[in-house]
Amino acid sequence: MPKIEVKNLEKSFGDLQVLKDINLEVEEGEVVCVIGPSGSGKSTMLRCLNGLETPTSGSIVIDGHHISDPNVDIDMARRNIGMVFQQFNLFPFMTVKRNVTFAPVTLKMMSQEEADKKAEHLLDRVGMLDKADAYPKQLSGGQQQRVAIARALEMNPDIMLFDEPTSALDPEMVGEVLNVMEHLASEGMTMVVVTHEMGFAKHVADRVIFIDEGVVVEEGTPEQVFDHPQNERTQNFLNMVLQ
Amino acid sequence: MSFFELLAQTWPRLLHGLGITLESTLISLALAAILGLVFGMLSVSRATGARAVARVYVDIIRGTPIIVQAFFIYFGITSALNFRMDPMTAGIITLTLNAGAYLAEIFRGGIQAVDKGQMEAARSLGLPYGMAMRKVILPQAVRTMVPAIVNQFIITLKDSSILSVIGLTELTQVGSLIIADNLESFKVWLIVGIMYFIIIMILSTISKKIEKRLKVNA
Ligand SMILES: Nc1ncnc2c1ncn2[C@@H]1O[C@H](COP(=O)(O)OP(=O)(O)O)[C@@H](O)[C@H]1O
Ligand SMILES: [Mg+2]
């Protein structure tokens, strides 16, 4: 059974239809990169996956949880789905370590000691252990994003969603965040990554999806999509971003 | 009578009046904080019905003078329902409803000023809405709200003088009563004014200290 199964997903904001008949399956351990022009509905699709947006119609099943069912325990489902935002969204009044341990401790999933231990391990993995007692505003964007990734991983999710995790970063910090993500992918994490980093998509993705105007226009391996795009819209987009 | 003779003679009554002023203000503010929080929550809720209820309450309070509210509660409601209410109770109800509406607006503004990515991050980690609100949003909102909350405390303290119209023997009413005895209008109102002023200065000073403290930890 696929980890993520999206069928006939549609989403409108008022009269504006943002997603049109999206179908998507992601297998366990697969890394799927979503590319496409700004405003094409990439974030909306990703946010539907963990219920931050409510679909207008269609079904979303993640690890057996029917996300699109109004009666689903969405909080329970979200424990298993990590999300990393473009703007990091760290909690500014908590230290780095507290940011990481806050959710599982507050939700009584771990004791403070367990959470601390795991947080130290994760912060070490993303190279942020020496900043454990710092506050987010004392960190660079790249550092904040690495902490945000650790925060999501602390929940032990099976799936990680990334919404343009490097788009708000100065160019020299993009690499450090992509490295962490690549490492995560190599460990077998199931990942859906909305990104403008074509190098990352080419190199790390198992599958690339090109979305334009709310429609999946093209889908395939990185070689298929980047080297032999079938659709003219994909070709135009790639010409624009790759030059 | 010299100023100080007058002060010495009327001091016990003035202090008693000040006590009533502080008591009615503090009780009302404590209740209003709860009321304000509840209606502030309703006004940021996703349910249109809840938002409408909060809107109506705030609009009614903002759209009518507090003196009319006091009359309506003390005379209007008691005569319509045919029961008696003491001025202290009526006064506290008036101040609570009044300050509650303004505090609800302060809470709404404070909550809406917190970046909405904060709620999304908390929810995406599996926190239920109420828990995310309490543990992530409100701690950030309250920091920005402190000056406005203290300002509302000061306004409510001053508004409590209006309760003299329903016969509550708070500081302003005591001033009127003393003048009725001795006709020393100038000196008595000067003393009463200074007493309000000192209390409010103390409040402002405390508030500035809290603001500074919060800025350091922000
Ligand atoms: N909450 C919202 N309300 C109204 N329109 C929205 C909302 N969120 C996104 N949109 C619109 O939906 C479209 C797709 O947005 P988005 O999914 O953010 O695109 P992308 O992430 O591909 O840049 C845009 O036209 C955007 O303005
Ligand atoms: Mg986006």
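General observations
- Candidates B:LEU81, B:LEU125 - the one that is surrounded by fewer than 18 Cβ atoms within 10 Å (Cβ to Cβ) and either farther than 30 Å from B:GLU211 by Cα or within 14 Å of chain A (Cβ to nearest Cβ) (or both): B:LEU81
For every residue, the table says whether it meets (1) under 16 Å from B:SER160 (Cα atoms); (2) outside any helix (DSSP H, G or I).
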| residue | (1), (2) |
| --- | --- |
| B:MET1 | no, yes |
| B:GLU5 | no, no |
| B:ILE20 | yes, no |
| B:THR25 | yes, no |
| B:ALA54 | no, no |
| B:ILE60 | no, no |
| B:ILE67 | yes, no |
| B:TYR102 | yes, no |
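- Where B:ALA132 falls short, out of the listed (1) crowded, with 22+ Cβ neighbours inside 10 Å; (2) more than 14 Å from chain A (Cβ to nearest Cβ): (2)
- Look at region A:141-158: where a residue is away from every other protein chain (no Cβ under 11 Å) and a partner is among the aromatic types (Phe, Trp, Tyr) and not in a helix (DSSP H, G or I), sitting 6+ places away or on another chain with Cβ atoms under 6 Å, you get A:GLN144/A:PHE88; A:GLN145/A:PHE88.
- Residues located in region A:160-211, provided they are surrounded by fewer than 21 Cβ atoms within 10 Å (Cβ to Cβ), within 14 Å of chain B (Cβ to nearest Cβ) and closer than 15 Å to A:GLU27 by Cα: none
- Conditions (1) away from chain B (no Cβ under 12 Å); (2) part of a loop (DSSP other than H, G, I, E, B); (3) out of contact with any helix residue (DSSP H, G or I) (no Cβ under 9 Å at 6 or more places or on another chain); number of the one not met by A:MET110: (3)
- Pairing each residue of region B:54-83 that is among the polar types (S, T, N, Q) with any residue that is assigned to a loop (DSSP other than H, G, I, E, B), provided the two are 6+ apart or on different chains, yields C-beta distances under 7 Å for B:THR78/B:ARG84; B:THR78/B:MET85.
- The lone criterion from (1) of a type in the set (Ser, Thr, Tyr); (2) in contact with a Pro (Cβ under 6 Å, 6 or more places away or on another chain); (3) within 16 Å of ligand 2 (Cβ to nearest atom) left unmet by A:SER43 is number (2).
- B:ILE179 vs. criteria over 24 Å from B:VAL53 (Cβ atoms) and away from every other protein chain (no Cβ under 13 Å): yes
- Subset of region B:33-73 [within 13 Å of B:GLY91 (Cβ to Cβ) and under 15 Å from the mean Cα position of the chain (by Cα)]: B:ILE66, B:ILE67, B:GLN69, B:ALA70
- Flag for A:LEU153 being farther than 30 Å from A:GLY41 by Cβ and among the aliphatic types (A, V, I, L, M): no
- Unique residue being touching a Gly at 6+ places or on another chain (Cβ under 9 Å), closer than 25 Å to B:LEU26 by Cβ and surrounded by 15 or more Cβ atoms within 10 Å (Cβ to Cβ) when the list is B:THR156, B:THR144: B:THR144
- Counted residues, region A:80-99 - those being within 16 Å of ligand 2 (Cβ to nearest atom) and outside any loop (DSSP other than H, G, I, E, B): 2
- Counting only strands (runs of 3 or more DSSP E) that fall entirely inside region A:1-77 and contain at least 1 residues that are surrounded by fewer than 19 Cβ atoms within 10 Å (Cβ to Cβ) and within 16 Å of ligand 1 (Cβ to nearest atom), the qualifying elements are A:4-13, A:16-26, A:57-62.
- Residue check, A:LEU90 at pLDDT 95 or above and within 13 Å of chain B (Cβ to nearest Cβ): yes
- Evaluating A:ASP133 against the criteria (1) more than 14 Å from A:GLN87 (Cβ to Cβ); (2) outside any loop (DSSP other than H, G, I, E, B) leaves one unmet condition, (2).
- All positions within region A:50-63 that are within 15 Å of ligand 2 (Cβ to nearest atom) and either in contact with a strand residue (DSSP E or B) (Cβ under 6 Å, 6 or more places away or on another chain) or charged (D, E, K, R) (or both): A:ASN50, A:GLU53
- Residues of region A:6-24 classified as within 16 Å of ligand 2 (Cβ to nearest atom) and basic (Lys, Arg), total: 1
- Matching residues in region B:107-122 - criterion: being more than 7 Å from every other protein chain (Cβ to nearest Cβ) and of a type in the set (Gly, Ala, Ser): B:GLY109, B:GLY110, B:ALA113, B:ALA122
- Only one entry in A:LYS118, A:LYS97 is more than 30 Å from B:LEU214 (Cα to Cα) and more than 9 Å from every other protein chain (Cβ to nearest Cβ), namely A:LYS118.
The values are calculated or read from the model by the stated rules, or taken from the named source; none is laboratory data. Given the structure is predicted, the values throughout are model-derived calculations rather than measurements. FYI the Cβ positions are ideal-geometry reconstructions off the backbone, even for glycines, and counts take in every protein chain you see.
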